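The values are calculated or read from the model by the stated rules, or taken from the named source; none is laboratory data. Given the structure is predicted, the values throughout are model-derived calculations rather than measurements. Glycine gets a Cβ as well: all are built from the backbone with ideal geometry, and neighbour counts include every protein chain shown. Side chains included, ligands, DNA and RNA excluded: accessible areas come from the protein's heavy atoms. Shrake-Rupley method; radii C 1.70, N 1.55, O 1.52, S 1.80 Å.
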Amino acid sequence: AENLTKTKVILNDLLTEEEHFKSLKEEISGLQVEIDKYISTASNPEYQIAIVGAIKAGKSTLINALLGYDLASVDVTPETATLTKIKASEKSYVKTSFYTNEDWNKIWSQANNPKKKAEVFLKEYDAINAENVKNSFLNKKEVIFESENYDELKEEIKKWTSSKAKEHYFVKEIEIGLSSLDLDKQICIVDTPGLNDVVEYRSNITLEYIDRANAVIVCVNAKTLRNEELLTIARVFSR
């Protein structure tokens, strides 16, 4: 990590001082992002367990059973699913992170692509006038809510994930820390949005977590094995 930090400094110097390397700005920026990820992992190692499944495959029910808390919403849709990280901590909290303008531009572009069939996403977005609050939440600093009251934690999660809340469109990730959770503090359970998300950008967030995860639990409805579930299995194991 120390050597990679020095490498970042060298790369920055090359970009600012050497004309030849300016044409490689995009590639070097991508490399710097990967370096940051590695340094973060080295500094705060986690054992990540990704829970993956199509909508209504029982993913949230499984997570609630594992936790012993009814915190994962069983009433999710492809339009409202949010990546949620759950871990043990000294104090219970909910930390909410938001999309950047760059993130949102990609999401909006894909949602408006006729081939993506995101009509429901766009219709509900307009119906609750989410556009009116967009600028208040894009690039917003993460919000941390602390409480040892289970009902208050649940309300805070609902506040950012409810389909009736304008804010939920702009939430990128929610992290839940529970002081009473009987897990090693380095273990992180990751509830992922569906791989069949109507917006490809959000599905790709799930695929990135599958790549980074130490373990993956795939939830499928074994009674029916619908097309969505077969696609989920294929997309997980093809990687």
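Results, tabulated for the structure shown:
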quantity	calculated
All helices (runs of 4 or more DSSP H) inside segment 77-159 with 2 or more residues being of a type in the set (D, E) and over 14 Å from Y201 (Cα atoms)	119-127
Pairs with Cβ under 8 Å, 6+ apart, first in segment 218-239 and surrounded by 14 or more Cβ atoms within 10 Å (Cβ to Cβ), second in a helix (DSSP H, G or I) and of a type in the set (A, V, I, L, M, F, W, C)	V218/I233; V218/V236; C219/L62; V220/I233; R235/L207; V236/I210
One residue from E34, E46 being of a type in the set (D, E, K, R), open to solvent by 90 Å² or more (accessible area, probe 1.4 Å) and within 19 Å of the chain's Cα centre (by Cα)	E34
Verdict on L11 being part of a helix (DSSP H, G or I), touching a Cys at 6+ places or on another chain (Cβ under 9 Å) and of a type outside the set (S, T, N, Q)	no
Residue match in segment 169-180 (condition: within 20 Å of the chain's Cα centre (by Cα) and assigned to a loop (DSSP other than H, G, I, E, B))	no
Subset tally (residues that are of a type in the set (D, E) and within 16 Å of the chain's Cα centre (by Cα)) for segment 92-126	2
Residue tally, condition of a type in the set (D, E), within 21 Å of E155 (Cα to Cα) and surrounded by 17 or more Cβ atoms within 10 Å (Cβ to Cβ), over segment 89-137	0
Enumeration of residues in segment 146-164 that are over 14 Å from T96 (Cα atoms) and touching a residue at least 24 places away in the same chain (Cβ under 8 Å)	S147, E148, Y150, S163, K164
The listed residue being modelled with pLDDT under 85 and more than 28 Å from L178 (Cβ to Cβ), out of P45, P78, P114	P114
Check on I205, of a type outside the set (D, E, K, R), at pLDDT 80 or above, open to solvent by 10 Å² or more (accessible area, probe 1.4 Å) and assigned to a helix (DSSP H, G or I)	no
Scope segment 6-21; condition exposed (fewer than 11 other Cβ atoms within 10 Å of the Cβ) and either in contact (Cβ under 8 Å) with a residue 12 or more places away in the chain or not polar (S, T, N, Q) (or both); matching residues	K6, V9, I10, E17, E18, E19, H20
Residue satisfying condition, being at pLDDT below 90 and small (G, A, S), within set S147, S109	S109
Some residue of segment 177-193 being acidic (D, E), open to solvent by 20 Å² or more (accessible area, probe 1.4 Å) and either within 16 Å of D103 (Cβ to Cβ) or in contact with a helix residue (DSSP H, G or I) (Cβ under 9 Å, 6 or more places away or on another chain) (or both)	no
